[in-house]
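Novice: Before I ask anything, let me first share the structure, which is written out below as structure tokens.
The values are calculated or read from the model by the stated rules, or taken from the named source; none is laboratory data. Predicted, not measured: the structure shown is a model, and the values here were computed from it. Cβ atoms come from the backbone with ideal geometry, glycine included; neighbour counts cover every protein chain shown.
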Amino acid sequence: MGNLFKIAIRNLRRYKRRTLLTASLVTIGVVFVLLFISISGSFKNMMIGQMTDSMLGHLEVHRKGYLASIDNLPLNLNLKMQAYKKLEGILNQQPEVEAFSPRIKFGGMFSTFVETTNIRLNGVYPDRELKTVPLLPSRVTNGTKKTLEKGEIWIPELMSKSMKVNIGDTVVIIATNKDGSVNGKQFKVAGVLESITGPGGRDGYIHIEDAMEVLRMEEMEVSEVAVRLKDFSRLHSFSDKLEGLLSGELNKQGKPIYEVHTWEKLSPFYNIARMIDIMAFFIKLMLIAIVLTSIMNVMIMAVYERIREIGTIAAIGTLPGKILSMFVVEGFSLGLLGVIAGNVLGMIIIVIVNLSKITFSFGRQTGLILSAKVAPMDMLVVSLIVIVISVIASLQPAFKASRMEPIKALRHV
Amino acid sequence: MGLVVAENITKVYSVVATKVSKDYTAGEIAIRALNEVSFEIEPASFVSFVGPSGSGKTTLLNLIGCLDKPTEGRLMVADTDVLHLDRKQSASFRGNNIGFIFQDFNLIPVLTVYENIEYPLLMVQNVPGGERKKRINALLEAVGMADQKDKYPDQISGGQKQRVAIARALVTNPKLVLADEPTANLDHKTAFLVLESMKKMRNEFRTTFIFSTHDQKIVGEAEIVYTLEDGELVGKQAKGGKKNG
């Protein structure tokens, strides 16, 4: 095999300009793919991080049927205390879980005594919520970031601006409980939350005990439990595992009590993330086309130019399979050259992009710094694609070379 | 070697051709390039096929070299009926039994002199490294190219290229070496030197040399000369012997 590589590399060096041009084309293709994957991937990961770490959590557990009516925030589909305790017990035993936070979600009226509007609220245990969605404090643009005390409220930025509510102001929250009775409670504005794209991105936050008081709950009922995992990459396997664990918990009608949803089912941004993946796929297809046409073109030329050489080596007894291998190895080497150069150049450009600290906006969030990163697995996949396609592109010319009649090849002028 | 038994005497031959014919088609016209050619070539002989262009010399060498197949007749080369060899078997047979010397030298331009000679041992016969080195160095010395072994074909002269080609043809210890117009691209002085090299090799390695030429000055170096005209064998002349045909 070493000799095949030696001959291949020398033949590539023989036509330096052509080799350089083709390898450059492959290199440019690899660089573009790596740049696209790294930039779009980083954008995607940053957005997913924003969604999961400042609002949703990695996954959420609801009472069966809750998600279908989530827009109404139905209080009658909350998990009862007993069901929540069971869930809490199960989650506490899972080594994959870093933190989880029960939430009471409800809709109400927000009044400044002058103006009134509607508001969606999350009643949370602040310490547990901040462990589950650690970027939530970063959304507090004004006021105390560290925690939320009883009697305090974090309100959405839009509401603060439109109703001219400032930190320290007193507001009233009025809500109807599931029995239909109305109750109200005064809160002190302790923070203004920056809005983020997606459902729940413009919700307010209060302490869970305050929520219970407003809703006149004698015993806590939970709308959802947000879960944060230690390793985000194990999201789907853990989701399946949790679904399996919870599937045995049935209500009196023999139906499952819980439903488990990963962030993907909870946020429309998942479709954007998928679009990015589809675009990356098409960029890879373009790379395949570039590699296929350029390598095949070069190898067809190489075979055509070396017909007499092929005749000579065939005449002196080189088996057809070995002639085929010679040209395949040459195509492989050309692809490998492009891959190595492309990966090195791609990494250099990615470092330059990161050093340039390019900023971009997402929704209402501005000044996000682009942090291009490419996973070793992505580099490996791109490299494998190029190498496999290089080999495939070489096969047809190599096969033609191996099938050449030595007598005809030797006569070729 | 081919065996021919006649009157209780068993003779061994490198090549036995019996009524060998070869037809080609050019469009719809069939052309008979060789017509019922019969001959025998003994081992370690130095044989030349002569004749004008189009007489069938190259066709005959191609048939002996298993690069082509006869249309009719029987052809035994190194004790093998080559008519029934398939593509892969032909390649393997050539690699193990036949050495080729081409008019245009046909060295591989990306390999050095040493590597060109090494090529058939490495890529065809898979000879181990130590043995390879021994054989190549012996041949480099024999053809007087030891001091040029690291040069590439484009760095040496035509005569030197042909000497490298001779070494490449002999390095596999073939039973016969076929040389198609080996001196056509060389001046007379170099041509004689190359022929001397071939003879020396024949004497040293007991290899049968068969070559085609239409250069009458070169013909004189051959021990047996077969004359071809219009695809037919019209004469055989042994050096110092009587002329037949």
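Novice: For residues that are out of contact with any Gly (no Cβ under 7 Å at 6 or more places or on another chain) and in a strand (DSSP E or B), scanning just segment A:165-192, find the one that is nearest to A:THR116 (Cα to Cα).
Specialist: A:VAL171
Novice: Just for segment B:112-123: of the residues that are under 22 Å from A:ALA302 (Cα atoms) and facing chain A (nearest Cβ under 7 Å), which one is surrounded by the fewest Cβ atoms within 10 Å (Cβ to Cβ)?
Specialist: B:MET123
Novice: Now a separate question. If A:ARG139 satisfies every condition in (1) within 24 Å of A:SER237 (Cα to Cα); (2) charged (D, E, K, R); (3) touching a helix residue (DSSP H, G or I) at 6+ places or on another chain (Cβ under 6 Å) but one, which is the exception?
Specialist: A:ARG139 satisfies every listed condition except (1).
Novice: Okay, next question. When you scan segment B:45-66, how many residues do you find that are of a type outside the set (S, T, N, Q) and under 12 Å from the mean Cα position of the chain (by Cα)?
Specialist: Of the residues in that region, 10 qualify.
Novice: Oh, and also: Looking at B:ASP180, is it at pLDDT 75 or above, surrounded by 16 or more Cβ atoms within 10 Å (Cβ to Cβ) and among the acidic types (Asp, Glu)?
Specialist: yes
Novice: Within segment A:143-168, track down each residue that is at pLDDT 85 or above and surrounded by 17 or more Cβ atoms within 10 Å (Cβ to Cβ).
Specialist: The answer is A:LEU148, A:GLU152, A:ILE153, A:TRP154, A:ILE155, A:PRO156, A:GLU157, A:MET159, A:SER160, A:MET163, A:VAL165.
Novice: Considering only segment A:1-20, how many residues are more than 18 Å from A:VAL303 (Cβ to Cβ) and either facing another protein chain (nearest Cβ under 10 Å) or out of contact with any helix residue (DSSP H, G or I) (no Cβ under 7 Å at 6 or more places or on another chain) (or both)?
Specialist: So the answer is 7.
Novice: So in segment B:141-160, with the set limited to residues that are in a helix (DSSP H, G or I) and of a type outside the set (D, E, K, R), which one is farthest from B:PRO109 (Cα to Cα)?
Specialist: It comes out as B:ALA142.
Novice: Test of understanding: among B:ASN137, B:ASN126, which residue is surrounded by fewer than 21 Cβ atoms within 10 Å (Cβ to Cβ), over 18 Å from the mean Cα position of the chain (by Cα), more than 19 Å from B:LEU178 (Cα to Cα) and within 12 Å of another protein chain (Cβ to nearest Cβ)?
Specialist: B:ASN126
Novice: A further question follows. Taking the condition farther than 29 Å from A:VAL227 by Cβ, crowded, with 24+ Cβ neighbours inside 10 Å and more than 14 Å from the chain's Cα centre (by Cα), does A:VAL61 pass?
Specialist: When the stated conditions are applied, A:VAL61 does not pass them.
Novice: Under the condition of being in contact with a Phe, Trp or Tyr (Cβ under 9 Å, 6 or more places away or on another chain) and part of a helix (DSSP H, G or I), which residue from segment B:59-100 is surrounded by the fewest Cβ atoms within 10 Å (Cβ to Cβ)?
Specialist: Restricting to residues being in contact with a Phe, Trp or Tyr (Cβ under 9 Å, 6 or more places away or on another chain) and part of a helix (DSSP H, G or I), the top hit is B:LEU61.
Novice: Now for a different question. Give segment B:166-176 a look and list any residue that's modelled with pLDDT of 90 or more and either touching a strand residue (DSSP E or B) at 6+ places or on another chain (Cβ under 6 Å) or within 15 Å of B:ARG206 (Cβ to Cβ) (or both), or say none.
Specialist: Of everything in segment B:166-176, just one residue is modelled with pLDDT of 90 or more and either touching a strand residue (DSSP E or B) at 6+ places or on another chain (Cβ under 6 Å) or within 15 Å of B:ARG206 (Cβ to Cβ) (or both), namely B:LEU176.
Novice: Given the residues B:PRO43, B:PRO120, which is the only one that is in a loop (DSSP other than H, G, I, E, B) and either out of contact with any Ser or Thr (no Cβ under 9 Å at 6 or more places or on another chain) or not charged (D, E, K, R) (or both)?
Specialist: Of the residues listed, the single one that is in a loop (DSSP other than H, G, I, E, B) and either out of contact with any Ser or Thr (no Cβ under 9 Å at 6 or more places or on another chain) or not charged (D, E, K, R) (or both) is B:PRO43.
Novice: Do we find that A:SER223 is of a type in the set (S, T, N, Q), surrounded by 19 or more Cβ atoms within 10 Å (Cβ to Cβ) and either under 21 Å from A:LEU75 (Cβ atoms) or at pLDDT below 90 (or both) in this structure?
Specialist: yes
Novice: Taking B:GLN103 and the conditions (1) in contact with a strand residue (DSSP E or B) (Cβ under 6 Å, 6 or more places away or on another chain); (2) surrounded by 22 or more Cβ atoms within 10 Å (Cβ to Cβ), which numbered condition does it fall short on, given that it satisfies the others?
Specialist: Failing condition for B:GLN103: (2).
Novice: Here is a follow-up. Looking at (1) away from chain B (no Cβ under 13 Å); (2) under 16 Å from A:HIS412 (Cα atoms); (3) modelled with pLDDT under 90, which is the only condition A:ILE288 fails?
Specialist: Exception for A:ILE288: condition (2).
Novice: All but one of (1) at negative phi; (2) buried (at least 20 other Cβ atoms within 10 Å of the Cβ); (3) within 11 Å of another protein chain (Cβ to nearest Cβ) hold for B:VAL143; state the number of the condition that does not hold.
Specialist: Failing condition for B:VAL143: (3).
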